[in-house]
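Working notes, structure below.
The values are calculated or read from the model by the stated rules, or taken from the named source; none is laboratory data. Because the structure is a prediction, the values reported are computed rather than measured. Cβ placement follows ideal geometry from the backbone for every residue including glycine, while neighbour counts extend to all protein chains displayed.
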Amino acid sequence: MFVLALFLLVGLLVTTLFGRLLLERRLALGPTPTITRPPDSTVPPTEDFRATIVIAEISTQAAYNAAHAGIATPTRDVTLDATATVAPTGEEPTDTPDPNGPVYVPILGGGGTATETPPPNTFTPTPGAITVTSPTPLPGEATQTAVAEVTATALSFTPTPTETPIPTATPTETAVGALPVATLQAIVKTTGEAKVYTGPSVLYSYITTLPANLTVRLEGRTSSGEWVRVCCVNNVDGWARQAYFNITGNEAPPGAPTDAQGNDVRWLALQQTNATPLTLLPTPTPIARSSFPLFRRDPAGTARVDAQFYSFYQDSWQFSGQATASSGFSSAPVVIGSLVIAASADNHLYGFDQSLGNQRFKLNLDTIIEFTPVVQDPYIYLVNQTGEIISVRDTGNIGDAFAWRKPTNISPSAPLNIYGDLLYMAGSNGTVYAFNRLDNGSQRWTFPVNRQVDLQYPTIGGQLLYAGDANLNALDVYSGTLVWQNNSVRGLASPAIYGWPGVKGLAEVYVADREGFVHALDANTGTAYWQQGSADRPTALALDERTVYLSGPGFVSARDRSTGEQIWRTAFDGGTLGGPIVGNGRVLVAGVSGSVLILDAARGQIVGNVPVNVSLVGSPAVSNDEIFLAGRNGQLYKMTGSN
């Protein structure tokens, strides 16, 4: 009985203790938390444009793998735009060039090392026998200031969805309804080696050189198409000039016009590099509507102005005969800000107030200036007949401070041109020169041309300078090395003009030769779009959105930029000065005798004139709706129009 009572007491104590512990634990714990999945990100994922690989790209990758494994693979049949060859320095060409085709010459650049972070999904070629190394520079080869090893990793690029075109041009970007493609297949031309840089310029670090006949992928471009992004060799991608590739084996993207060609660089998306250049690239400053700062107004030589040309004009200086020099003017005028600037045969440079015509400065140069001045920033640049280049700094007061004077002892054959911090001069010795304008005119580079006649005015488009006598040459603006040459242009009779955006391609260049033919070429590659001839002999060209205008002894005419077909032709008494100037729907043409006519741009009809009737020197300068002309009588004229 005692044992049973003891057992019951122990059981009661255990039950009480367990209940108390259970109650305390329940009160101490909160409710069991519920695991909640974090919401999906609302930020859309970055599109991997490399994932959308078309059939052509797959065959390209196969070609890469086979090439790097040392296996000979068949290449699809390709029809080249032109047959060309390259003659290395000191060697004879091994192929026979097409006399009517462009000749492509490799870029000569410097060295550098790319250190960018590779993007995801970068195509890595199969290791194999191909090893790409840096070539030994040839004697006299232009080089960059930085030299580094030739090793590099893949670069990180950011696609640029849109760019703002030049306001006065009609862009020929990807056709409406056609989406940019992820890649285009291309083959390195046999006529030269393609140098690759970390960015779209020779001012970026040099990465490697692609051997001829290598199949590559092009995965982006600059706005003008001059530079394309190349992928992939030895796990390296970068930028090279389009001129060094045959784009082949591609189909036009969905939505493109039915007659569109698939092998067109315009289908590529705009891209930019994250790399830092070795030297700061210049940022072109748009020319103000009221300015006419150099020969043919802009470095591209288009002579295009945003101005309305009127039917009637009259001299509108406040006082008659106020803007005068002690001798006849010797150079064409330029307009910058509120100044009109021109040189006189009295060895002085004059600056007149644009509004009132009163003299702002008179600077003794101790030399006669016959070529049109160049104005940029606070500097005025002049060149005399002996090749002495003079830099004058406009102090904002009387503009009489000489910055530097540099004798070159080379007689120029054309006015100076300017791009960023470089001045360009065409010498009568058949050589193109580049000078550092902010370094006392120190020489940057020279390029000797196969001289037959005096060089024409060097014009600039993108990063190419177009110059020549017997042929048209495209030179790199920074190094002066030859990018391409077109020998179907049989002796330049006019300066080339650069048009971007283009009509047939992304960018175009137009030039007239001494046999009377006008040529339209791809500005990036030198490939011909069309060639049209006539009995006329054009000596100057101008350009607007759809038309190229020509002038020469006894005529002014217009041709369609797409086909070269003549739209109209108007007789003109005597020779023209400088060439046509294109306004909004009208064209201005000045003659040596002082006759200045206004023509309708669509039909060529004479709709007005500027009554000067004195012998003029050089081309007019246009500022807004005013025209400035320099007379050999020592009078500068400001003509204001009305209808």
Residues that are surrounded by fewer than 18 Cβ atoms within 10 Å (Cβ to Cβ) and over 19 Å from the mean Cα position of the chain (by Cα): which strands (runs of 3 or more DSSP E) entirely in segment 233-290 hold 3 or more of them?
none
What residue, among those in segment 422-441 that are in a loop (DSSP other than H, G, I, E, B) and in contact with a strand residue (DSSP E or B) (Cβ under 6 Å, 6 or more places away or on another chain), is surrounded by the most Cβ atoms within 10 Å (Cβ to Cβ)?
Arg437
Segment 477-490 - residue that is touching a His at 6+ places or on another chain (Cβ under 8 Å) and crowded, with 22+ Cβ neighbours inside 10 Å and, of those, nearest to Val548 (Cα to Cα)
Val489
Given the conditions (1) modelled with pLDDT under 95; (2) crowded, with 21+ Cβ neighbours inside 10 Å; (3) under 21 Å from Phe245 (Cα atoms), which single one is not true for Ala493?
(3)
May I ask you to list the residues in segment 311-336 that are in a loop (DSSP other than H, G, I, E, B) and either surrounded by fewer than 16 Cβ atoms within 10 Å (Cβ to Cβ) or not assigned by TED's automatic domain parsing to the domain that holds Leu588 (or both)?
Ser311, Ser316, Gln318, Phe319, Ser320, Gly321, Ser326, Ser327
Over segment 465-474, the set of residues within 19 Å of Val374 (Cβ to Cβ) and modelled with pLDDT of 95 or more is Leu465, Tyr466
Reported set for segment 465-476 where residues are aliphatic (A, V, I, L, M), over 13 Å from Trp445 (Cβ atoms) and crowded, with 24+ Cβ neighbours inside 10 Å is Leu472, Ala474
Take segment 337-347 and flag every residue that is assigned to a loop (DSSP other than H, G, I, E, B) and buried (at least 24 other Cβ atoms within 10 Å of the Cβ).
none
Residue match in segment 364-376 (condition: part of a strand (DSSP E or B), under 35 Å from the mean Cα position of the chain (by Cα), assigned by TED's automatic domain parsing to the domain that holds Asp625 and under 22 Å from Leu616 (Cα atoms)):
yes
Segment 613-643 - residue that is part of a loop (DSSP other than H, G, I, E, B) and either of a type in the set (Lys, Arg) or under 28 Å from Ile567 (Cβ atoms) (or both) and, of those, modelled with the lowest pLDDT
Asn643
Which ones in segment 444-461 are at pLDDT 95 or above and crowded, with 24+ Cβ neighbours inside 10 Å?
Tyr457, Pro458, Thr459, Ile460, Gly461
Regarding Asp536, is this residue within 17 Å of the chain's Cα centre (by Cα), assigned by TED's automatic domain parsing to the domain that holds Gly575 and of a type in the set (D, E, K, R)?
no
In segment 608-626, is there at least one residue being of a type in the set (Ser, Thr, Tyr), in contact (Cβ under 8 Å) with a residue 60 or more places away in the chain and farther than 22 Å from Ala496 by Cα?
yes
Could you check Ala590 against (1) without any contact (Cβ under 8 Å) to a residue 40 or more places away in the chain; (2) in a loop (DSSP other than H, G, I, E, B); (3) surrounded by 19 or more Cβ atoms within 10 Å (Cβ to Cβ) and say which number it fails?
(2)
Going by the structure shown, is Ile410 in a loop (DSSP other than H, G, I, E, B), of a type in the set (Val, Ile, Thr) and farther than 23 Å from Gly631 by Cα?
yes
Based on this model, can you work out whether Gln566 counts as in contact with a Phe, Trp or Tyr (Cβ under 9 Å, 6 or more places away or on another chain), at negative phi and surrounded by fewer than 21 Cβ atoms within 10 Å (Cβ to Cβ)?
no
